[in-house]
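Just so you know, all these numbers are worked out from the coordinates, no wet-lab data involved. Just so we're clear, the structure is a prediction, and the values are computed from it rather than from any experiment. Heads up, the Cβs are rebuilt from the backbone with ideal geometry, glycines too, and the neighbour counts pull from every protein chain shown.
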Amino acid sequence: MNGSDDFLTAQHLRKQFDGITAVEDVSFTIRRQEIFGLLGPNGAGKTTTIRMLSTVLSPDDGEVTIGGSSVTREGDKVRQVIGVCPQELALYPELSATDNLVFFGRMAGLSGRDAKEAASDNLERVGLLDRARDKVDNFSGGMKRRVNLAIALMSRPQLLFLDEPTVGIDPQSRNHIFETVEALRDGGMTVLYTTHYMEEADRLCDRLAIMDHGEIVVMGTPHELKSEIGDPADVTLETVFLELTGRSLRD
Amino acid sequence: MLRPLHIALLEVKRYVVSIQELAFSVALPIVLFALMYGAFGGEESFHATAHVVDLDQGSHSRALINQLDTLDEITVRERTLEDADQALERSAILTAVVIPAGFSDGLEAGEPIAITFKKRGNGGDAGQIVEAIVRSAAQQMAGEAQVRAAVGSVLSGTDITRVTIDSVVSRRLSESRQSPSISVETKWLGGEESSPTDRLVPGLLVMFLMFAVTMNAQTLVEERQNGTLERLMTTRLGVNQLFAGKFMAGVLRAVVQALVLLALAFAVLRIGDIADFMELTVFSALVAMAVSAIGLVIGSVARTRDQAIWAAVFITMFMTVFGGTFFDLTGAGPLDLLSRFTLTRYAIDSMFGMLASGQTLAGQGIGIAVHVGVAAIALLVARTMFKVAGGGR
C-alpha cells in the first residue's frame with residue numbers, strides 16, 4: 001500500500017480518552033488526487049481519526065505521514081499542506097464572509113493581497129461571491145456550510161479534510177458542494193471525506209473505508225464493497241454499511 | 001510574526017462590528033461614572049460664588065475682593081448694585097455683599113465702617129457660609145488697618161517718617177499672617193487629605209479593567225466551543241501566537257474602556273493635567289495586562305462558557321470587594337491583610353498616589369512590579385494549562 005502515489009499514510013493509529021478506546025489500530029492510505037471516504041455510525045472514531053491526521057490530537061500510538069512529513073514530528077510542515085472543513089460551522093458569524101476567509105487566509109500564511117484574492121476566488125467557487133460582504137450570521141444553513149468549505153480552501157491545501165460537510169442542508173447546496181469537491185479533485189487535490197449519507201459516498205468517493213467501534217472493518221472502492229455482499233447493480237452502499245455495522249441504534 | 005496582531009485585530013473587529021454592543025460597552029462606564037459621581041461626588045469640598053457690589057472702588061475694597069478671590073472655597077463675581085438687587089428680587093442669588101462707598105477712606109482713618117449683606121430669606125446655606133468667610137476676611141483687614149492707624153498715631157510727631165511706619169507695620173503684619181499666634185491644624189481620619197473623587201476615579205477605572213478578566217476568559221472558551229479554536233490550530237498559527245493575540249486583544253479592549261473613563265473623569269472633574277492623564281493611561285495598560293492574563297488562565301482551564309464566566313465573576317468580585325475599590329482598607333485589620341492578595345489594592349494605591357499625592361508613574365515601583373509579575377506568571381500558567389482539545393497539543 002505504500003506506493004509512490006500515496007499522499008497520506010496512516011499506520012496502526014490508536015487513541016484512548018480516559019481509558020475508553022476511540023480509535024484502535026487504524027491503518028489506511030490515501031492516494032494523490034483521490035477522494036477517500038471514511039464512513040461509520042456515530043461514535044465510530046471518524047472525527048477522532050481526522051483530528052489526529054490534522055495535528056489537533058496526538059495519537060497514543062501509530063504513525064501518520066502526509067506528503068512525506070510526519071504528523072507528530074513535523075506538524076508545522078503538515079499544516080502547510082492541509083485544509084480542514086470541520087463538522088461544526090467553525091467561523092465567526094458576526095463578521096462578513098470575506099472577513100472570515102481573509103482572516104483564515106492570513107492564518108494560513110497568505111499576504112493581505114493574496115488572502116483577498118483567494119477569498120474572492122473561493123467565494124466564487126462556492127457560489128457566494130455576491131454575498132461576500134454580508135454578515136455570515138444572516139446566511140442560511142447551506143450558505144454557512146459553503147463558507148465553512150471555502151475557509152478550508154484558503155490555505156490552498158494539497159489534502160482537504162471534509163468532516164460531514166453536507167449535514168443539515170438543502171439538496172441544492174449539497175449538490176453544489178458535491179460539484180465543488182469533484183472539481184477540486186479534478187484540479188489535483190486529495191480529499192478525505194466523511195459522511196453519514198451513503199449515496200453521497202457512492203457518488204463521490206474513489207475508495208472508502210467503513211469504521212465501527214474505532215476500527216476499520218472494510219476498505220475498497222464502492223464497487224468492491226458492494227460486490228462483497230451481492231451483485232453491485234442490486235446492492236446499495238447503505239446495505240453494505242448496515243450489514244457491516246449492524247442495525248442497532250448508535251449515539 | 002504578524003499573526004498575533006491579526007488575532008488581536010479580529011477580536012477588536014468582532015468587538016466593534018456590533019454597534020449596539022460597542023455603544024453599550026462605551027456607555028456602561030459613562031452611566032456608572034455618573035451614578036457613582038452622583039453618590040460620592042456630591043461630597044466635594046465647599047465651593048460657592050460670592051456676589052460682590054463694590055461701591056467704594058478704592059484700594060482696600062479691591063484688596064478685600066482680591067483676597068476673597070484667592071480662597072479655594074469662593075469665586076468672586078462682581079455686580080452692580082442694581083444688578084444684584086434684581087438678581088435677589090428674582091431669587092437668582094440669595095446673598096450679595098455690598099462694600100459701601102468710603103470703605104477705603106474709613107479704614108485708612110481707623111474709623112468704624114460697615115459691610116452690608118443683602119439676603120433673600122436666610123441667604124441660603126451657601127450664602128451663610130460665604131457671609132462668614134467675608135466677615136472673617138473683612139475683620140482681619142479692619143484689624144490690620146486699626147493697627148496701622150494706632151501705630152501711626154503713636155509715632156506721629158517723631159522723626160520716623162510715615163513711609164517707614166507703613167513699611168515696618170506691613171512687614172510685621174505679613175509675618176503675623178504667615179505665622180499666626182493661633183494656627184489651625186486639620187487632621188483627616190484615614191490618612192491624607194483627599195477628595196472623594198480621588199478614590200472614585202481609580203476605583204471605577206480598576207473595576208472596569210477587572211471586567212477584562214471575564215471578557216478574556218470567555219474568548220478562548222467560545223472559540224473552543226464553536227470549533228474555531230481547533231480550526232485555527234490546523235493552520236500555521238502557533239499556540240504561543242494565539243496566546244499573544246488574545247492577550248493583546250484583551251489589553252486593547254480594556255484600555256479603550258479605561259480611556260473613555262479617564263477622559264470623562266479628567267474633563268468633568270478636572271482631576272489633573274495631561275501628564276497625569278498619560279501616566280494613568282500607561283498604568284491602566286499595566287493593569288489591563290495583568291487582568292487579561294488572568295482571564296486567559298481561566299479560559300485555558302474552563303471547559304464551558306458558564307464555568308469561565310462564573311470563575312471570572314468570582315475573581316472580579318473578590319478583587320473588587322476585598323481590594324478596597326472605593327474605601328481605603330489601610331489599618332482595617334484582616335481586611336487590610338486580605339486586600340494585599342488582590343490586584344485591585346495595588347492598582348488603586350498606585351493610581352490614588354498619582355492622583356491625590358502628587359506621585360509619578362516612576363514612583364509606583366511596587367504597583368508596576370506586581371502587575372507585570374502577575375501578567376507574566378499568569379501567561380505562563382495559562383500557556384501550560386492550555387490544550388486545544390483533550391488529549392491534544
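Within the stretch A:127-163, find all residues whose amide N lies under 13 Å from a label point positioned 7 Å from the Cα of A:E179 along Cα-to-beta-carbon. Counting only backbone N, you get A:127-128. Were the residues from A:D206 through A:D231 laid out at 0.36 nm apart, the gain over their Cα-Cα distance would be 7.1 nm.
Divide the volume of the convex hull of the Cα atoms of the stretch A:107-251 by its number of residues and quote the answer in cubic angstrom per residue.
On the way: hull volume 20.9 nm³, N = 145.
Taking only Cα atoms, the stretch A:107-251 has a hull volume of 144 Å³ per residue.
DSSP finds beta bridges in chain B, and of those with both partners inside it, around 30 percent are antiparallel.
Peptide B:231-243 has a mean of 6 when you count, residue by residue, the C-beta atoms of other protein chains within 10 Å of its C-beta. Where the centroid of each part is defined by its Cα atoms, how far is the stretch B:93-151 from the stretch B:281-309 in Å? Distance between centres, Cα-based: 61 Å.
What does the net charge come to around B:P4 if you take all other residues with beta carbon closer than 12 Å to its beta carbon, with K and R at +1 and D and E at -1? Each step should come with its number before you reach the end.
Numbers: positive: A:R106, B:R3, B:K246; negative: B:E11.
Here the count lands on +2.
The angle between the Cα long axis of helix B:365-385 and the main principal axis of chain B comes to about 20°, on a 0 to 90 degree scale.
Test of understanding: ordering B:R79, B:R135 by Cβ neighbours within 10 Å, fewest first, what list do you get? Present the calculation step by step, with values, prior to reporting the outcome.
Details: B:R79 18, B:R135 13.
Fewest-to-most Cβ neighbours within 10 Å comes out as B:R135, B:R79.
Mind pulling the per residue volume of the convex hull built on the Cα atoms of the stretch B:191-291? Å³ is fine.
Working: hull volume 11.1 nm³, N = 101.
Considering the Cα atoms of the stretch B:191-291, their hull volume per residue is 110 Å³.
Once the Cα atoms are used to define both axes, helix A:171-186 deviates from the longest principal axis of chain A by about 80 degrees. Sparsely packed loop sites in the stretch A:81-157 (the chymotrypsin sites (Phe, Trp or Tyr not before Pro) outside DSSP H, G, I, E and B with at most 13 other Cβ atoms within 10 Å) do not occur.
For the stretch B:319-393, the Kirkwood radius over C-alpha pairs fed into Stokes-Einstein at 10 °C and 1.306 mPa s yields D = 112 µm² per second.
Legend: ranking of residues A:D99, A:D25 from fewest to most surrounding C-beta atoms inside 10 Å; resulting order A:D25, A:D99. Taking every DSSP beta bridge that has both ends in the protein assembly as shown, the antiparallel portion is near 50%. Mean projection of the Cα convex hull over all viewing directions, computed for chain B: 27.7 nm². Taking Cα atoms only, the orientation of helix B:305-322 departs from the longest principal axis of chain B by about 30 degrees.
Work out the FRET efficiency for B:I182 and B:L55 from their Cβ-Cβ distance, taking R0 = 41 Å, and round it to the nearest 0.05.
Details: r = 33 Å, r/R0 = 0.80.
Calculated value: 0.80.
Note down the relative contact order for chain A as a percent, whole number, built from C-alpha pairs under 8 angstrom at least six residues apart.
Numbers: 481 pairs, mean separation 63.5, N = 251.
Normalised by residue count, the contact order of chain A is 25 percent.
Among the trypsin sites (Lys or Arg not before Pro) within the stretch A:52-87, those in coil by DSSP and having at most 13 neighbouring Cβ atoms inside 10 Å are A:R73.
Out of the DSSP beta bridges found with both residues in the stretch B:1-155, what percent are antiparallel (nearest 5)?
Just about 30 percent of them are antiparallel.
Restricting the chymotrypsin sites (Phe, Trp or Tyr not before Pro) of the stretch B:317-359 to loop positions (DSSP other than H, G, I, E, B) with no more than 14 neighbouring Cβ atoms within 10 Å leaves B:F327, B:F341.
With the convex hull constructed from alpha-carbon coordinates only, the protein assembly as shown shows a mean projected area of 42.6 nm² over all directions.
Take each residue in A:66-76, count the other chain C-beta atoms within 10 Å of its C-beta, and the mean is 1. Overall size of the stretch B:239-393 from C-alpha positions, given as principal axis extents largest first: 54, 36, 26 Å.
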